[in-house]
Amino acid sequence: MYTQSDQKSLYERSKAYLQADHAVHTQAPAQQHADLSALIIYHEWRYYIQNDPVLSDYEYDQLFKQLEKIETEHPELLNADSPTQRVSADLTEEFSQVEHLTPMLSLANSYNAEDLNDWDASIKRFLNIDPETELAYGVEPKFDGGSIALVYENDVLVRAATRGNGVIGEEITNNAKVIRSIPLKAAFSQYGIHRVELRGEVLIRKDIFEKMNAKRAAEGVTLFANARNTATGGLRIKDPKEVAKRGLEAFIYTLGYAVDKEGNNVLGQFSTHLESLETLEKLGFKVPVQERKLCKNIQEVIDFCNYWQQQREGYAYEIDGMVAKVNSRELQERSGFTSHHPRWAIAFKFQAKQATTKLLNVEYQVGKIGSITPVAKLDPVQLAGVTVSSVSLHNEDFITSRDLRLGDTVLVERAGDVIPYIVKAMDELRDGSETPIVFPQFCPVNSTDIPVELVREGEEAAWRCPNCVCGAQDLQRIIFHVSKDAMDIDGMGKQIVERFYELGWVTNFADVYRLDYAQLAQLEGFGPKSAANLEAAIEKAKKNPIHRLLYSLCIHHFGKKVSKLIAAEINHVMELKDWQFEDFTKIKDVGPVVAKNIIDFFQVWTNIEMLGEMESLGVNMTQTEEDRPKVAAEGAVFSGKTILFTGTLNKMGRKEAQEKAEAAGAKNISAVSKNLDILVVGDEAGSKLKKARELGTVTILTEDEFLAMITF
Ligand code: IVH
């Protein structure tokens, strides 16, 4: 359909239209009209046919709006086959085609509070309602699956169809019948309804989707790209038995058409949108319940949309926004439709989680133990509300497994709190000018003339610089040493350490504790107050429990957990100098690799000397009974269990609670899933509690019950 070079140029022209590119925006209107039409048709093909869009919905909408604007300003350019004149189609020849009882239209989109306020004002204008009057809206998720229209006659499901081009869809009744959430019979006749058409969305629950993919991975079959495509694809499988295996579900969100035996419209008996949803719920349909809300004005709509934007990741189904609908059916009827969408409803689209951009360059960073991390420099792109211009490529295998090349257009994703990452390169947009990313053989960070060859040991994924001659690793180690998880020196962030390092004030850990605060107070941007604050933070850090100090030494594989296990066994840090291999490995969960690394560390004379200096500068090296980590005994109350705290705790902080749980043998995890054993709920616990209840396998404890069970 489109060649690679077509696609590349379509993509680049789209981006030119989306940016303030003078060259395209000053072309003759007819040229811009032809261009934008072609671009939109291409993006619709990528979205609806290929199921693999290269633009975010927001970007697509911007192109569409530009085309609409040109057509409003130059009506002579409007022709019947302009993309503005039809809804996109996904018809194939395989299923028989049926006409919907009423057209399945799209929704207008909004992206922020301002858009929603504008929409609220425009409906009131259209309905001649005073702008100060509050309009009530029903708000529910915008499910991200495949739309479906169901027709019931005489209480029996007689037809199911996909959306198709909005007017004509594909008949998939047999497939719909294997979806258990679609009732085959429903008692519409008790409402005097003879014939009815319902609209809804077919979806796969996220955890079921993940299981299906895990199974496919185990079988060595190609993985499904995402839950949405698996649902839409599932609806159109020719064999209903195969459809049944996909675990599809249908949410119904509209009752769009209902007539009695004489063909009279009987929708009027449901005075609001939410009332019709409640009726459908009573009739046995799956409708949004917890996730819908009657909002009494547009501000409540905005708040509810924002709330769901935050909750999105924790929700069991893929949703890409919320839909607000004027609740009163009478007002819905009065406001009517444009050719494209109802005036009484609007989609609030969540910020895009994915975007495409150019991979411009790869830079390398060295870590505290010498690991070399490649970092991709990207053409800056907006992703879920932040500008992303660089992302980690982790290691060489990450680059080779994705066949990433310099100059590639890449798909970047940022989901929830997850750090942005590259999903894939869009290889169909390559033009041959892309060049391979060659991982360096010698330390790329090294600023001296002495080359240091990188090594890759055993099973490790990272290349490492084994013999740092340039000090770059010392700097990284100091940054780690003072960081929050290690010695936790407040006010000594990365940039400040870098500055002190450049000034030659800190070259190893001991230097941190002999800063000259009088000199510091003279430093530009500091002053006596900041110097005094830093001094106080450093004095506080000197008293840290020794497990923090052990962790802060940057010994390879010496993580937080092992630091605590070892700290629990000693009275003074220097004892470790005399520990033998077996002294380490006899501690449960301390492995041979870390044992060897600790022994190596304590054999280096300069390390011993540095620890000695630190102690003489006041850094605590002695264990106290109060600080001694409580290591869970075998058979501790929560031994082998996973735990999660949610809601506001009253008797302890979140961190303290997690430490107590750990001491009682539990492992803290961050999400409610089948893997969770215990959920401890504080005040105002929300979606996590709900999900745990739904799972039915999680033990739910109150804060008091939890405290009563632990012995520490
Ligand atoms: S109402 C006439 N409500 O979004 C009003 N649509 O662009 C029709 N969708 O493909 C739509 N969740 O399938 C409505 N709660 C919801 C929805 C929803 C998902 C889909 C719908 C359509 C698209 C509209």
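The values are calculated or read from the model by the stated rules, or taken from the named source; none is laboratory data. This one's a predicted model, so the numbers in the text were calculated from it and none came from an experiment. When we count neighbours, we look across all protein chains shown, and the Cβ atoms used for this are built from the backbone with ideal geometry, even at glycine. Heads up: the accessible areas ignore ligands, DNA and RNA and are worked out on the full protein's heavy atoms, side chains in. Shrake-Rupley method; radii C 1.70, N 1.55, O 1.52, S 1.80 Å.
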Just one of (1) at pLDDT below 95; (2) under 28 Å from Met492 (Cα atoms) trips up Met621, so point out which.
(1)
Lone qualifier among Val156, Val98, Val178, Val196 - being more than 16 Å from the ligand (Cβ to nearest atom) and either of a type in the set (Lys, Arg) or within 23 Å of Phe270 (Cβ to Cβ) (or both)
Val156
Does segment 426-450 hold any residues that are surrounded by 11 or more Cβ atoms within 10 Å (Cβ to Cβ) and more than 16 Å from Pro374 (Cα to Cα), and which are they?
Met426, Asp427, Glu428, Leu429, Arg430, Asp431, Glu434, Thr448
When you go through (1) buried (at least 22 other Cβ atoms within 10 Å of the Cβ); (2) within 15 Å of Ala258 (Cα to Cα); (3) away from the ligand (no atom under 11 Å from the Cβ) one by one for Ala149, which number turns out not to apply?
(3)
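Sort out which residues of segment 560-609 are touching a Phe, Trp or Tyr at 6+ places or on another chain (Cβ under 6 Å) and open to solvent by less than 50 Å² (accessible area, probe 1.4 Å), and write them in order of number.
Across segment 560-609, the qualifying residues are Ser563, Leu576, Val590, Val594, Ala595, Asn607.
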Cβ-Cβ under 8 Å, sequence separation 6+ or interchain: first residue in segment 277-297 and touching a residue at least 40 places away in the same chain (Cβ under 8 Å) and acidic (Asp, Glu), partner surrounded by fewer than 20 Cβ atoms within 10 Å (Cβ to Cβ) and assigned to a loop (DSSP other than H, G, I, E, B). Which pairs?
Glu291/Tyr315
Might you let me know whether segment 72-90 holds any residue that is at pLDDT 90 or above, part of a helix (DSSP H, G or I), among the β-branched types (Val, Ile, Thr) and open to solvent by 40 Å² or more (accessible area, probe 1.4 Å)?
yes
With the requirement that a residue be part of a helix (DSSP H, G or I), under 16 Å from Phe638 (Cα atoms) and not charged (D, E, K, R), what does segment 649-708 give you?
Ala657, Gln658, Ala661, Ala663, Phe706, Leu707, Ala708
Of the residues in segment 281-305 that are part of a helix (DSSP H, G or I) and at pLDDT below 95, the one that is nearest to the ligand (Cβ to nearest atom) is Glu281
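For every residue, the table says whether it meets (1) closer than 30 Å to Glu291 by Cβ; (2) within 34 Å of the chain's Cα centre (by Cα); (3) not charged (D, E, K, R).
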site	(1), (2), (3)
Thr606	no, no, yes
Ile643	yes, yes, yes
Gly647	yes, yes, yes
Glu656	no, yes, no
Ala671	yes, yes, yes
Gly682	yes, yes, yes
Taking the residues in segment 309-333 that are touching a Leu at 6+ places or on another chain (Cβ under 8 Å) and in a helix (DSSP H, G or I) as candidates, determine which candidate is farthest from the ligand (Cβ to nearest atom).
Leu331
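Give segment 480-507 a look and list any residue that's polar (S, T, N, Q), open to solvent by 50 Å² or more (accessible area, probe 1.4 Å) and either at positive phi or part of a loop (DSSP other than H, G, I, E, B) (or both), or say none.
Thr507 - this is the single residue of segment 480-507 that is polar (S, T, N, Q), open to solvent by 50 Å² or more (accessible area, probe 1.4 Å) and either at positive phi or part of a loop (DSSP other than H, G, I, E, B) (or both).
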Residues within segment 37-70 that are over 22 Å from Tyr111 (Cβ atoms) and either touching a residue at least 60 places away in the same chain (Cβ under 8 Å) or in a helix (DSSP H, G or I) (or both), tallied:
8
Could you list, in sequence order, all residues of segment 199-228 that are surrounded by 20 or more Cβ atoms within 10 Å (Cβ to Cβ) and more than 16 Å from the ligand (Cβ to nearest atom)?
Phe209
Number of the exception - His394 against (1) surrounded by 21 or more Cβ atoms within 10 Å (Cβ to Cβ); (2) away from the ligand (no atom under 13 Å from the Cβ); (3) under 20 Å from the mean Cα position of the chain (by Cα):
(1)
Residues (modelled with pLDDT under 90 and among the hydroxyl-bearing types (Ser, Thr, Tyr)) located in segment 150-192
Ser181
Of the conditions (1) of a type in the set (A, V, I, L, M, F, W, C); (2) in a strand (DSSP E or B); (3) surrounded by fewer than 19 Cβ atoms within 10 Å (Cβ to Cβ), the single one that Val412 does not satisfy is (3)
Count of segment 334-377 residues which are of a type outside the set (D, E, K, R), part of a loop (DSSP other than H, G, I, E, B), away from the ligand (no atom under 16 Å from the Cβ) and over 21 Å from the mean Cα position of the chain (by Cα)
3
Could you tell me which residue of segment 517-534 is nearest to Gly491 (Cα to Cα), considering only residues that are open to solvent by less than 70 Å² (accessible area, probe 1.4 Å) and part of a loop (DSSP other than H, G, I, E, B)?
Phe526
By residue number, the members of segment 91-126 that are in a loop (DSSP other than H, G, I, E, B) and either more than 19 Å from Asn165 (Cβ to Cβ) or modelled with pLDDT of 95 or more (or both) are Tyr111, Asn112
Unmet criterion (only one of (1) more than 30 Å from Val139 (Cα to Cα); (2) open to solvent by less than 60 Å² (accessible area, probe 1.4 Å); (3) in contact with a helix residue (DSSP H, G or I) (Cβ under 8 Å, 6 or more places away or on another chain)) for Phe270:
(1)
Pick from Lys564, Lys588: which is among the charged types (D, E, K, R) and more than 23 Å from Glu615 (Cβ to Cβ)?
Lys588
Total residues in segment 1-36, condition assigned to a helix (DSSP H, G or I) and open to solvent by 20 Å² or more (accessible area, probe 1.4 Å):
17
So which residues in segment 159-174 are surrounded by fewer than 21 Cβ atoms within 10 Å (Cβ to Cβ) and either within 16 Å of the ligand (Cβ to nearest atom) or not in a strand (DSSP E or B) (or both), if there are any at all?
Asn165, Gly166, Val167, Ile168, Thr173, Asn174
